[in-house]
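The values are calculated or read from the model by the stated rules, or taken from the named source; none is laboratory data. These figures come from a predicted structure and were not determined experimentally. Virtual Cβ from ideal backbone geometry, glycine too; neighbours counted across all protein chains shown.
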Amino acid sequence: MAFPWNDITWVLLDMDGTLLDKHFDDYFWETLVPEEYARRQAMGLALARDLVFARYQREEGTLNWTDIDFWSRELELDIPALKEGIRHLIEVHPDTAGFLEFLRQKEKRVALVTNAHYKTLSLKMNHMGLLGYFHEVVSSFDLGHPKEAVRFWEILHDRLHFDPSRALLVDDNAAALAAAKTFGIKYPYFKAKSSSRQDAESHPDFFSIESFLELMD
């Protein structure tokens, strides 16, 4: 069945895992950061991973989760410099550019809505050159709440003045989709293929797509 584009005025798109290949982030946080932490603290990698992952878990779902300045202080590492050092790994999903052009041709209002910190957002957008496709770019750090909080969507609505019943959100974060759905966004879609290095995994609570091609008619 064709997607009801005539009913959509705003398209809200997540960045990491949705537009961009999440392999960069997975490698950075799960491999590179523990390795650098182990080196700096002169400890074994297994212990370093345990300690770092425990700290991640404590901050999941909060603004600290994606605050690279917080993690620089917490882990005593230069997180922005480490990210810059592997910027060559930042890639879009193969379907991203085509979908953004499709939305432009359909004259939809498009917003990038992300939990990413300003520095991460700037690094990735400058590297990929996608900013021209968006009418608005909004970080959770602008609004003071992560996307997993209903309050994020309330403030976003006040800022963008979109009709939730005519809005599509695509995200690989089920908790963010749940908050958006609670707020009233009618079309929350789960991006099931977030990383090129992992298999697609649909979500039982949301319409799931592996590729934006499934929405293009």
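The table below gives the values:
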read-out: Hits in region 80-136 - residues which are among the hydrophobic types (A, V, I, L, M, F, W, C), crowded, with 16+ Cβ neighbours inside 10 Å and not in a helix (DSSP H, G or I); value: 90, 92, 110, 111, 112, 113, 116, 130, 134
read-out: Members of region 161-177 that are in a helix (DSSP H, G or I) and either among the polar types (S, T, N, Q) or under 23 Å from residue 61 (Cβ atoms) (or both); value: 164, 165, 174, 175, 176, 177
read-out: Checklist (1) buried (at least 16 other Cβ atoms within 10 Å of the Cβ); (2) out of contact with any His (no Cβ under 8 Å at 6 or more places or on another chain) applied to residue 67, failing item; value: (2)
read-out: Matching residues in region 19-71 - criterion: being modelled with pLDDT of 95 or more and among the acidic types (Asp, Glu); value: 21, 25, 26, 30, 35, 36, 50, 59, 67, 69
read-out: Restricting region 4-55 to residues that are farther than 27 Å from residue 177 by Cα and of a type in the set (Gly, Ala, Ser), the residue that is surrounded by the fewest Cβ atoms within 10 Å (Cβ to Cβ); value: 42
read-out: Scope region 137-160; condition within 14 Å of residue 115 (Cα to Cα), assigned to a helix (DSSP H, G or I) and in contact (Cβ under 8 Å) with a residue 24 or more places away in the chain; matching residues; value: 140, 141, 150, 152, 153, 156
read-out: Extreme residue, surrounded by the most Cβ atoms within 10 Å (Cβ to Cβ), among residues of region 178-199 that are in a loop (DSSP other than H, G, I, E, B) and either on the phi > 0 side of the Ramachandran plot or β-branched (Val, Ile, Thr) (or both); value: 185
read-out: Any hit, region 78-94, residues being free of Cβ contacts under 8 Å to residues at least 40 places away in the same chain and of a type in the set (A, V, I, L, M, F, W, C); value: yes
